[in-house]
Amino acid sequence: MLMVFAGIAFSQTSLNGKADNIVGIYLGEQHGDVFKIRIAKQDDGTYKGQIFWMENDKEPDGGKRLDTRNPDKSLRKVPCDQVVLFTGLNHNAKKQCWDGTKIYDPQRGFTAKMSAKFIDDGTLRITGTVMGLSGHFTWKKLE
């Protein structure tokens, strides 16, 4: 039994220990919306997360769903399957996580302080914190 737990701990440490392990395609679900996110490394060495697919990307009238709750009025016409969730995410080797930016919640139209950490080989746990209150959700790594 000890060997199993040691293997799990090693696996999590190795994923969280290498900055570029976060790069990839993820499947997420939040409040009934199913979507895919691409996390990519930027030229400045930070990471960007952007939705590129949504299972339900249409309004009841057949039109494309838009980011209508965005506090930045200039972004309210962005299609729901093109929303940038975060930019400027940094790898924190000391804490073995990624942090240092905010994540945008398009369903509620606000941002929260963000951190991310692998909880197993294929699951990224995202923590959002606003005014001391935290919420967690997971994204499953597909590639």
* From the residues in region 130-143 that are modelled with pLDDT of 95 or more and assigned to a strand (DSSP E or B), which one is most open to solvent (accessible area, probe 1.4 Å)? -> 140
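Yes/no per residue for (1) more than 18 Å from residue 141 (Cα to Cα); (2) at pLDDT below 50; (3) in contact with a helix residue (DSSP H, G or I) (Cβ under 6 Å, 6 or more places away or on another chain):
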position	(1), (2), (3)
3	yes, yes, no
6	yes, yes, no
12	no, yes, no
16	no, no, no
20	no, no, no
25	no, no, no
28	no, no, no
33	no, no, no
39	no, no, yes
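The values are calculated or read from the model by the stated rules, or taken from the named source; none is laboratory data. These numbers were taken from a predicted model, which means no experiment stands behind them. Neighbour counts run over all protein chains shown; Cβ positions are idealised from the backbone, glycine included. Keep in mind that these areas ignore ligands, DNA and RNA; they rest on the heavy atoms of the full protein, side chains included. Shrake-Rupley method; radii C 1.70, N 1.55, O 1.52, S 1.80 Å.
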